[in-house]
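The block underneath contains the structure these notes are about, expressed in C-alpha coordinates.
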Amino acid sequence: ADPVAMSASASSRAVSAPEGRPDAAVDNSLSTGWVASGLDRAPWLKLSWPRPRQVDGVQLLTDQYLAGSRPTSVTVQFDSGEVISAAVDNGGYVRFPVQSTATLTIGFKKVNPITNIDSVTGLRWTLPVGLSEVRVLGADDLRRAVNPTQPTGVPCGFGPTVVVDGRPILTRVVGTMQD
(Lines give C-alpha, C1' and ligand atoms only; values in the text may rest on other atoms or scores of the structure.)
Protein backbone atom coordinates (compact mmCIF):
# COMPACT_ATOMS: atom_id res chain seq x y z
CA ALA A 1 0.00 0.00 0.00
CA ASP A 2 1.11 3.54 -0.76
CA PRO A 3 1.76 5.36 2.58
CA VAL A 4 0.72 8.75 1.13
CA ALA A 5 -2.30 7.61 -0.85
CA MET A 6 -5.99 7.73 0.00
CA SER A 7 -7.55 4.38 0.93
CA ALA A 8 -11.12 3.20 1.34
CA SER A 9 -13.08 0.69 3.38
CA ALA A 10 -16.77 -0.10 3.18
CA SER A 11 -19.70 -1.65 5.01
CA SER A 12 -19.96 -4.31 2.28
CA ARG A 13 -19.18 -5.08 -1.34
CA ALA A 14 -21.18 -6.71 -4.10
CA VAL A 15 -18.28 -8.65 -5.64
CA SER A 16 -14.98 -10.06 -4.38
CA ALA A 17 -13.09 -9.20 -7.59
CA PRO A 18 -10.21 -6.73 -7.10
CA GLU A 19 -11.77 -4.20 -9.47
CA GLY A 20 -14.80 -4.05 -7.14
CA ARG A 21 -12.91 -3.51 -3.86
CA PRO A 22 -13.65 -0.33 -1.85
CA ASP A 23 -10.27 1.15 -2.93
CA ALA A 24 -11.56 1.01 -6.54
CA ALA A 25 -13.50 4.19 -5.66
CA VAL A 26 -10.22 6.11 -5.15
CA ASP A 27 -7.93 4.51 -7.76
CA ASN A 28 -8.20 7.32 -10.36
CA SER A 29 -10.00 5.04 -12.82
CA LEU A 30 -13.64 5.25 -13.90
CA SER A 31 -13.36 1.70 -15.28
CA THR A 32 -13.34 0.23 -11.75
CA GLY A 33 -15.75 0.90 -8.94
CA TRP A 34 -17.23 -0.11 -5.62
CA VAL A 35 -20.82 -1.37 -5.31
CA ALA A 36 -22.40 -2.20 -1.95
CA SER A 37 -23.92 -5.62 -1.32
CA GLY A 38 -27.59 -5.86 -2.23
CA LEU A 39 -28.21 -7.04 1.36
CA ASP A 40 -26.62 -3.93 2.93
CA ARG A 41 -29.44 -1.72 4.26
CA ALA A 42 -27.12 1.06 5.53
CA PRO A 43 -24.14 1.17 3.15
CA TRP A 44 -21.17 3.42 3.81
CA LEU A 45 -17.75 4.12 2.31
CA LYS A 46 -14.93 5.44 4.51
CA LEU A 47 -12.03 7.33 2.94
CA SER A 48 -8.77 7.78 4.87
CA TRP A 49 -5.49 9.55 4.26
CA PRO A 50 -2.33 9.98 6.37
CA ARG A 51 -2.69 13.56 7.71
CA PRO A 52 -5.62 15.96 8.13
CA ARG A 53 -6.46 18.10 5.11
CA GLN A 54 -8.75 21.10 4.66
CA VAL A 55 -11.63 19.70 2.60
CA ASP A 56 -14.92 21.27 1.53
CA GLY A 57 -16.74 18.72 -0.58
CA VAL A 58 -16.78 15.49 -2.50
CA GLN A 59 -17.74 14.55 -6.02
CA LEU A 60 -19.35 11.13 -6.38
CA LEU A 61 -18.81 9.76 -9.90
CA THR A 62 -20.62 6.79 -11.42
CA ASP A 63 -19.60 5.40 -14.80
CA GLN A 64 -22.52 4.43 -17.05
CA TYR A 65 -21.36 0.79 -17.05
CA LEU A 66 -21.15 0.41 -13.25
CA ALA A 67 -23.88 -1.94 -12.01
CA GLY A 68 -24.94 0.33 -9.18
CA SER A 69 -27.56 2.95 -8.36
CA ARG A 70 -26.45 6.57 -8.10
CA PRO A 71 -26.58 8.24 -4.68
CA THR A 72 -28.88 11.26 -4.32
CA SER A 73 -28.72 11.86 -0.55
CA VAL A 74 -25.80 11.18 1.80
CA THR A 75 -24.40 11.81 5.23
CA VAL A 76 -20.74 12.75 5.67
CA GLN A 77 -18.95 12.15 8.97
CA PHE A 78 -15.61 13.78 9.81
CA ASP A 79 -12.81 12.95 12.31
CA SER A 80 -14.46 15.30 14.81
CA GLY A 81 -17.57 13.11 14.85
CA GLU A 82 -19.61 15.88 13.23
CA VAL A 83 -22.10 14.55 10.67
CA ILE A 84 -23.76 16.55 7.92
CA SER A 85 -26.63 15.45 5.68
CA ALA A 86 -26.74 16.67 2.11
CA ALA A 87 -28.26 16.14 -1.30
CA VAL A 88 -26.01 15.12 -4.18
CA ASP A 89 -26.34 17.62 -7.03
CA ASN A 90 -26.59 16.71 -10.73
CA GLY A 91 -22.79 16.87 -11.09
CA GLY A 92 -22.33 14.42 -8.22
CA TYR A 93 -21.15 17.14 -5.82
CA VAL A 94 -21.75 17.37 -2.09
CA ARG A 95 -20.46 20.65 -0.61
CA PHE A 96 -19.90 21.45 3.06
CA PRO A 97 -18.11 24.07 5.18
CA VAL A 98 -14.33 23.57 5.27
CA GLN A 99 -13.33 20.79 7.66
CA SER A 100 -9.88 19.63 8.77
CA THR A 101 -10.03 15.84 8.66
CA ALA A 102 -8.09 12.70 7.72
CA THR A 103 -11.22 10.60 7.19
CA LEU A 104 -14.62 10.98 5.59
CA THR A 105 -17.35 8.40 6.08
CA ILE A 106 -20.05 8.71 3.45
CA GLY A 107 -23.38 7.12 4.34
CA PHE A 108 -25.81 6.52 1.49
CA LYS A 109 -29.38 7.45 2.38
CA LYS A 110 -31.18 7.66 -0.98
CA VAL A 111 -30.39 6.60 -4.54
CA ASN A 112 -31.69 7.16 -8.03
CA PRO A 113 -32.58 3.49 -8.45
CA ILE A 114 -31.48 1.42 -11.41
CA THR A 115 -33.76 -1.59 -11.77
CA ASN A 116 -32.91 -4.88 -13.47
CA ILE A 117 -35.48 -7.30 -14.81
CA ASP A 118 -34.73 -11.04 -15.12
CA SER A 119 -35.67 -11.99 -18.70
CA VAL A 120 -36.72 -15.51 -17.68
CA THR A 121 -38.64 -14.97 -14.42
CA GLY A 122 -39.65 -11.34 -14.87
CA LEU A 123 -38.41 -10.58 -11.33
CA ARG A 124 -37.33 -6.98 -10.77
CA TRP A 125 -34.69 -5.76 -8.35
CA THR A 126 -32.96 -2.48 -7.63
CA LEU A 127 -29.19 -2.40 -7.88
CA PRO A 128 -27.39 -1.32 -4.68
CA VAL A 129 -25.53 1.99 -4.47
CA GLY A 130 -22.26 2.16 -6.38
CA LEU A 131 -19.46 4.61 -7.17
CA SER A 132 -16.76 4.58 -9.83
CA GLU A 133 -14.71 7.33 -8.16
CA VAL A 134 -14.88 9.72 -5.22
CA ARG A 135 -13.01 13.01 -5.54
CA VAL A 136 -12.37 14.74 -2.20
CA LEU A 137 -12.11 18.49 -2.76
CA GLY A 138 -8.91 19.42 -0.94
CA ALA A 139 -7.35 15.94 -0.97
CA ASP A 140 -7.91 14.78 -4.55
CA ASP A 141 -4.17 14.56 -5.20
CA LEU A 142 -4.09 11.55 -2.83
CA ARG A 143 -6.08 9.29 -5.16
CA ARG A 144 -3.60 6.87 -6.75
CA ALA A 145 -3.91 4.63 -9.77
CA VAL A 146 -3.10 0.97 -9.26
CA ASN A 147 0.24 -0.11 -10.72
CA PRO A 148 -0.75 -2.93 -13.13
CA THR A 149 2.68 -4.59 -12.72
CA GLN A 150 2.45 -4.67 -8.92
CA PRO A 151 2.71 -8.28 -7.68
CA THR A 152 -0.25 -9.76 -5.87
CA GLY A 153 -1.23 -13.14 -4.52
CA VAL A 154 -0.68 -15.25 -1.43
CA PRO A 155 2.25 -17.48 -0.44
CA CYS A 156 2.18 -21.28 -0.55
CA GLY A 157 -0.30 -22.73 1.91
CA PHE A 158 -2.76 -19.84 1.66
CA GLY A 159 -4.29 -20.74 -1.69
CA PRO A 160 -6.85 -23.52 -1.98
CA THR A 161 -5.69 -27.04 -1.02
CA VAL A 162 -5.96 -29.46 -3.92
CA VAL A 163 -6.19 -33.24 -3.36
CA VAL A 164 -4.29 -35.32 -5.95
CA ASP A 165 -4.34 -39.12 -5.60
CA GLY A 166 -5.48 -38.70 -2.00
CA ARG A 167 -2.61 -36.32 -1.11
CA PRO A 168 -3.34 -32.72 -0.14
CA ILE A 169 -1.22 -30.27 -2.14
CA LEU A 170 -0.75 -26.74 -0.78
CA THR A 171 -1.13 -24.09 -3.44
CA ARG A 172 -0.25 -20.44 -3.88
CA VAL A 173 -1.54 -17.62 -6.03
CA VAL A 174 0.93 -15.50 -7.99
CA GLY A 175 0.20 -12.70 -10.42
CA THR A 176 0.07 -8.98 -10.99
CA MET A 177 -2.74 -6.51 -10.42
CA GLN A 178 -3.35 -6.53 -14.18
CA ASP A 179 -3.72 -10.35 -14.15
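The values are calculated or read from the model by the stated rules, or taken from the named source; none is laboratory data. Predicted, not measured: the structure shown is a model, and the values here were computed from it. These area figures cover heavy atoms from the full protein model, side chains too; ligands, DNA and RNA do not enter into them. Shrake-Rupley method; radii C 1.70, N 1.55, O 1.52, S 1.80 Å.
For the chain, with all protein chains in place and a probe radius of 1.4 Å, 53% of the accessible heavy-atom surface sits on carbon or sulfur.
Computed with a 1.4 Å probe over protein heavy atoms only, the accessible surface of the chain comes to 58 Å² per residue. In order along the stretch 130-135, the Karplus-derived 3J(HN,Hα) couplings, from 6.51 cos²θ - 1.76 cosθ + 1.60 at θ = phi - 60°, round to x, 9, 7, 8, 10, 9 Hz, and Gly and Pro are given as x.
On full extension, the segment bounded by Asp56 and Ala87 gains 9.7 nm, given 0.36 nm per residue less the C-alpha separation. Taking amide hydrogens as placed 1.01 Å from N in the peptide plane, the amide H of Ser69 sits under 5 Å from those of Ile114, Val129, Gly130, each at least 5 positions away in sequence or on another chain.
Taking a quarter of the surface of the Cα convex hull of the stretch 5-128 gives a mean projected area of 8.1 nm².
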